[in-house]
1. Can you give the accessible area of Trp78, probe radius 1.4 Å, in Å² rounded to 10?
2. Direction-averaged shadow area of the convex hull around the Cα atoms of the chain, nm²?
3. So what is log10(I(q)/I(0)) for region 263-401 at q = 0.13 1/Å, when the Debye sum runs over its Cα atoms only?
4. Diagonalise the Cα gyration tensor of region 136-224 and give the resulting equivalent ellipsoid semi-axes, square root of 5 times each eigenvalue, largest first, whole Å.
5. Check the straight Cα-Cα distances from Lys222 and name the lysines below 18 Å, setting aside those fewer than 8 residues away within the same chain.
6. With the Cα gyration tensor of region 249-342 in hand, give its eigenvalues times 5 under a square root as the equivalent ellipsoid semi-axes, listed largest first in whole angstrom.
7. At 222 nm, what helix-only mean residue ellipticity would the chain give, in deg cm²/dmol to the nearest 500, using -39500 (n - 2.57) for each DSSP H run of four or more?
8. Taking the Cα centre of region 213-351 as origin, sum charge times position over the Cβ atoms of Lys and Arg (+1) and Asp and Glu (-1), and report the length of that vector in debye to the nearest 20.
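The values are calculated or read from the model by the stated rules, or taken from the named source; none is laboratory data. What you see is a predicted model, and the numbers here were worked out from it, not measured in a lab. Neighbour counts are summed over all protein chains in view; Cβ atoms, including those assigned to glycine, are modelled from backbone coordinates with ideal geometry. The protein model used for the area step is the full one, side chains on, heavy atoms only, and it has no ligands, DNA or RNA in it. Shrake-Rupley method; radii C 1.70, N 1.55, O 1.52, S 1.80 Å.
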Amino acid sequence: MVQRIIESFPVQDKEAFKQQMLCWANQYSICCFFDNNAYSSKHHSYEWLVAVGAVKTLSPAEHKLDVLKYFCAEHKDWLFGHIGYDLKNEIEALTSTHTNYIGFPDLFFFQPEIVIQSNANSVSIATLTKDSSEIYSSIVEMPLQKATHLPQPDIQLRTVKWQYIDTVEKLRNHILRGDCYEINYCIEFFAEDAAIEPLHVYEQLIKISPNPFSCFYKLRDKYLLCASPERYIKKTGNTIISQPIKGTIKRNTATEEDENNRQQLLHSEKDRSENVMVVDLVRNDLSKICKDGSVVADELFGIYSFPQVHQMISTVKGELKDDIDFADIIKATFPMGSMTGAPKKRVMELIEQYEHTKRGIFSGAVGYIDPDGDFDFNVVIRSIMYNETNNYLSYQVGSAITFYSNAEDEFEECLLKAKAIEKVLG
């Protein structure tokens with residue numbers, strides 16, 4: 001295991017320090033910042049966690065999971081990175097023909113030069129190459145960057161409403177024929193010639209939508225500005241959990257009406273049906289890598305409240321079999337069922353047929369592996385993707401389509417999920 005020099009430093013104003021730290025981290029060509037935005041949960045290991053610099057990187061062109069397996073075995077240290085949706089092509093022998101406008105690779109991991117994590121009234125800095133005191137001083141002396149007034153991006157919808165409704169009807173026919181039971185269908189909002197300041201946009205997004213699996217991720221000229229409410233998968237010791245989301249309803253500023261909406265979601269037969277389908281799918285995935293009889297739904301139909309929406313979230317957990325590694329777990333469970341549907345391979349073929357944009361990092365996962373081999377990865381939703389070189393900006397939203405879906409309602413759900421991003425972009 002790699003030995004890092006670890007020191008702790010006092011922090012009086014954690015929010016001010018976090019802002020300075022993000023400005024400091026953004027100077028590096030590669031950085032990754034996770035923030036649970038003060039959501040109290042027994043499942044969170046850190047309040048926030050940041051990795052900057054890259055001692056070693058991994059982005060294989062082929063045999064990606066085999067190379068990942070070797071990389072993880074060789075580097076018993078912190079590893080940060082992402083898994084793109086189109087890793088599915090290797091896992092299930094599928095293909096993708098849509099254009100990748102943003103350009104994130106299907107798989108990327110890096111061994112960071114510096115890792116900083118938040119503690120109660122302090123931060124700990126773990127470094128391989130630099131003096132921790134110098135790093136701490138650089139952060140606290142970092143001036144905050146003022147936002148520049150830039151033109152508002154010209155946002156367009158790649159799939160207009162009538163096309164969306166027509167596609168939903170075709171998907172319902174696929175369900176009627178028995179091709180699938182449920183499919184997550186997504187659409188893209190995009191802007192060409194968009195000039196944004198990614199860090200400032202991320203900070204504005206988190207102010208509006210401070211969700212528990214948020215992430216600022218920079219890979220050279222590519223940015224992910226993520227306000228995700230959903231966990232893909234987490235390992236602690238021998239226990240693994242997944243927390244799929246299916247079921248959404250808008251918040252209401254009036255307390256009584258908001259509670260009515262919450263109860264409506266809780267008792268919605270449609271949303272419960274969608275949720276239990278994805279729970280069954282997750283249980284099936286986890287059973288491939290977990291001990292017999294250990295996979296259970298720890299929580300079913302939990303209602304969690306976020307700034308814009310209430311969500312129905314279930315928690316599935318299991319005990320891993322012996323000699324199961326990270327690459328084995330990804331092969332068994334990715335892409336996550338909440339972003340595909342059931343049966344998984346067939347719906348991924350239909351997603352490729354009916355969607356108009358390569359998902360890329362969207363509906364993939366970003367996360368970290370710690371030196372003990374534990375890990376935590378989110379689901380990349382409620383996110384802005386940006387390529388600084390070609391000035392292309394994109395965000396995608398979707399919903400679960402079943403035979404009982406109403407196309408108009410599903411379209412409105414997509415617009416609701418995009419609302420926070422629309423506010424940020426003006």
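1. For Trp78, the solvent-accessible surface is approximately 20 Å².
2. 20.0
3. Normalising to I(0) and taking log10 leaves -0.70.
4. After diagonalising the Cα gyration tensor, the semi-axes are 39, 18, 11 Å.
5. Cα-Cα hits under 18 Å: Lys358.
6. 32, 12, 11
7. Values: 12 runs with 130 residues, N = 426.
Theoretical 222 nm ellipticity from helices: -9000 deg cm²/dmol.
8. On the way: 21 positive and 20 negative charges, 103 e Å.
So the dipole magnitude of region 213-351 works out to roughly 500 debye.
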